[in-house]
Amino acid sequence: MSSIKDISLAPSGEMKINWVQRNMPVLRGVGEDFLKTRPFEGLKIALSVHLEAKTAYLCRVLEMGGAKMYVTGSNPLSTQDDVAAALAAGGMEVFARYGCSMEEYADCLCRVLEAGPNIIIDDGGDLVHLMHTKYTGLIPEVIGGCEETTTGIHRLKIMARSGELRFPMVMVNEADCKHMFDNRYGTGQSVWDGINRTTNLIVAGKYAVVSGYGWCGKGVALRAKGLGAKVIVTEVNPIRALEAVMDGYEVMPMKDAARIGDMFITVTGCSGIITAEHFESMKDGAILTNAGHFDVEVDMAGLEKLAVRKYEARHNIQGYVLPGGKTLFTIAEGRLVNLAAGDGHPAEIMDMSFAVQALSAEYLARHGRGLAPDVIAFPHELDLAVARRKLKAMGVEIDSLSSEQAEYLGV
């Protein structure tokens, strides 16, 4: 039985789902295919992804394919209660509530796994980790799973190298139609959506410090530049740092950037990016945000310890007064700023990402029992198919190789 905040919120959530459905033509087409083929007939799918409207529509598409869905969120501050209510009102098993404690969050993860899923759709690796530690007895029922994020894939690769991974996991984030668009354009726009709607402050003319210059960091830096910020990038990878320099940004260590920055966005997937030594050298009024999956990039515990007073400066903005009187601000307690303080990536971007998710789940349903327990790539031909569908939906035509050209290229 579902565990949500309030089922009466369902009409509001239904309105949100209808809006994104209209703007997700690729996923809509996949759903129409699933209605005909029913690839998940008789299967249970456990899903832990940021529970907002676009995720809800993915759940419905999987349900159209015959799946029995067990749904929770992947972050306590990104769940939208009205969307959770809409799914529950439609008959899905939903276990999620905005602002729940970490104990309640863990219980929600357990509830979806206790259903005995055949396919797992994960965002960050928490479900798979739990399955391998607390619910090992249910592993024989698992055909495989799909992982949405860079962070989650990193965790999976560690498990695979050590021989701990017990079933195949499709690396959704490695699909070109995911990371090249979702991570760059989706994160780039949604991070600044979250910051701007929460702070209501100007970006132009300020120093924006972007930590990490992977696909997500590239997008965040690009949008900051477009908003008129003076962008500083911090990196540990010399190749990415060189790329940032070539792209026209200042590159320096965080200890130097800390003294200059007005707004900080961490997007590394690592921990301890901004710490006490950096807090002490920052400007009065500096704003600290995180766009990495877990709330470990900004040392929130260290900031709490250093502060002499903490207060709510504005909804979802916490002020920390340090010895000497200066104040640093954090958004959404250092959690994912684009989801904990916004609506996440635009629907048109998640159209591709969640089409990749849906097709990955279908691939597992059809072939997973014959796959080794390892991290596996999203099939390239399916990646190309998603791109073709998206171009068609956008009214864009492209050339195709002639037989002579194909022969020349050896394809």
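The values are calculated or read from the model by the stated rules, or taken from the named source; none is laboratory data. Values in this document were obtained by computation on a predicted structure and should not be read as measured data. Every residue, glycine among them, receives a Cβ derived from its backbone with ideal geometry; neighbour counts consider all protein chains shown. Side chains are part of the model used for accessible areas, which takes the heavy atoms of the whole protein and leaves out ligands, DNA and RNA. Shrake-Rupley method; radii C 1.70, N 1.55, O 1.52, S 1.80 Å.
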Q. Counting only the heavy atoms of the protein chains, how much of Glu41 is accessible to a 1.4 Å probe, in Å² to the nearest 10?
A. 110
Q: Only Lys, Arg, Asp and Glu count, each charged at its Cβ (+1, +1, -1, -1), so figure out the dipole size of the chain about its Cα centre, rounded to 20 debye.
A: 480
Q) Which of the chymotrypsin sites (Phe, Trp or Tyr not before Pro) across the range 307-377 are loop residues per DSSP, with 13 or fewer other Cβ within 10 Å? A) none
Q) So what's the range 170-212 giving for Cα Rg divided by 2.2 N^0.38 Å, two decimals? A) 1.47
Q. Could you state the principal axis extents of the C-alpha atoms in the chain, from the largest down, to the nearest angstrom?
A. 65, 59, 45
Q: Mind checking the full-extension length gain between Ala406 and Arg161? Use 0.36 nm per residue of separation minus the Cα-Cα distance, one decimal, nm.
A: 84.4 nm
Q: Quick one: divide the alpha-carbon radius of gyration of the range 211-293 by 2.2 N^0.38 Å and tell me what you get.
A: 1.00
Q. Taking K and R as +1 and D and E as -1, what net charge do the other residues with C-beta under 11 Å from the C-beta of Thr37 add up to?
A. -1
Q) What percentages, rounded to whole numbers, describe P(r) for the range 280-352 computed over all alpha carbon pairs with 10 Å bin width beginning at zero? A) 20, 47, 22, 9, 2
Q) Roughly what percent of Cα-Cα pairs across the range 1-111 reach past 20 Å? A) 36
Q) Rg to Rh ratio, the range 74-124, alpha-carbon atoms and Kirkwood radius? A) 0.95
Q. For the charge dipole of the chain, defined by +1 on Lys and Arg C-beta atoms and -1 on Asp and Glu C-beta atoms about the Cα centroid, which residue among Thr289, Ile239, Pro168 has the Cα displaced farthest towards the positive pole?
A. Thr289
(Q) Calculate log10 I(q)/I(0) of the range 50-170 for q = 0.15, 0.16 Å⁻¹, where I(q) comes from the Debye formula with a single equal point scatterer on each Cα and nothing for solvent. (A) -0.66, -0.75
Q. Which ³J(HN,Hα) values, rounded to whole Hz and listed in residue order, are derived for the range 97-112 from phi using the Karplus coefficients 6.51, -1.76 and 1.60 in 6.51 cos²θ - 1.76 cosθ + 1.60 with θ = phi - 60°, glycine and proline given as x?
A. 8, 4, x, 5, 5, 5, 5, 5, 4, 4, 5, 5, 4, 5, 4, 6
Q) Counting other Cβ atoms within 10 Å of each Cβ, which GluC sites (Glu not before Pro) in the range 138-223 have at most 13 and sit in a DSSP loop? A) Glu164
